[in-house]
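Just below is one structure, and these are the notes that go with it.
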C-alpha cells in the first residue's frame, strides 16, 4: 500500500502520526465522523443518480461497509472509556470541494463527485497505513491495518465507476489534475492533532 500505489503526489507530514498518537481520542472521534460522512456520501449519490444502475449496485454495499467502520470506531472509543464528541470542521474536504468542477451534464457532475470520493479514500488509506505501521498500540495497529485494506479497495472502486461513465483517458487526466490540487491543499493545511485529514 505504498504512496505510489495510491497515486498521492504528496505524502503526509511524518509529524502527523506522532501528534495523532498523543491525541488518540480526538483522532478516533474525527475518524468516526469521517466514516459516517463516507456512508452519507454514497447514500447521496444513490439518491441523486437512481437511474444509473452501476452507481446503485456498486455503492450500496459500500454504505454498509462504511457504516460498519463507524460502529467499529465507536466500539474502540467505548472500550477505552473515551466519550464520543461533537464533529469538527473538515477543512480538508472544504478545500477539495473548491477544486471540484460545478455544472456540466449529470454525468460530468457524477464523475467529479466520484473522483472527490476516490481522493478522500486514498488519503484516508494513507493515514491508516501510517497509524498501522507507526502507532505504538498493538490493538489500534491491527485495527488500522484492516481499515487500510478496505479503504484501498474503495478508492479503486470510485475510480473504476468514474471510468464506466466517462472516457477512461479523460478520467485519468482529470484524476491527475485533482491529485496535484490535493497535494497543494495538504501542503497548506496545518498539521492538527484532532483531524484524520
* To do: Quick one: angle between helix 106-134 and the longest Cα principal axis of the chain, in degrees between 0 and 90, rounded to 10, please.
  => 20
* For 144, 33, what ranking results if the residue with the fewest other Cβ atoms within 10 Å of its Cβ goes first? -> 33, 144
* Compare the peptides 14-23, 95-104, 123-132 by average per-residue count of other Cβ atoms within 10 angstrom and give them in order, highest first. => 123-132, 14-23, 95-104
* Return an integer: the convex hull volume of the alpha-carbon atoms of the chain, in Å³ per residue. => 109
* Distance between modelled label sites at residue 40 and residue 167, nm, 7 Å Cα→Cβ extension -> 3.6
* **Gap separating the Cα centres of the stretch 130-197 and the stretch 42-110, nearest whole Å** => 13
* By how many degrees, between 0 and 90 and to the nearest 10, does the Cα long axis of helix 24-48 differ from the longest principal axis of the chain? -> 20
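For the stretch 16-188, what is the relative contact order in percent, using Cα pairs closer than 8 Å and at least 6 residues apart in sequence?
Details: 150 pairs, mean separation 38.7, N = 173.
22 percent.
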* **Sum of -39500 (n - 2.57) over DSSP H runs of 4+, divided by residues of the chain (222 nm, nearest 500)** => -26000 deg cm²/dmol
* In the stretch 1-98, if every C-alpha pair distance is counted and binned at 5 Å from zero, what percent goes to each bin? -> 2, 11, 15, 17, 21, 18, 10, 4, 1, 0
* To do: Can you tell me the 0 to 90 degree angle between the C-alpha axis of helix 168-188 and the longest principal axis of the chain, rounded to 10?
  => 40
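Every number here is computed from the coordinates shown, using simple stated rules; none is lab data. Computed from a predicted model, the values in this text were never measured in an experiment. As a convention, Cβ positions derive from the backbone with ideal geometry for all residues, glycine included, and neighbour counts pool all protein chains shown.
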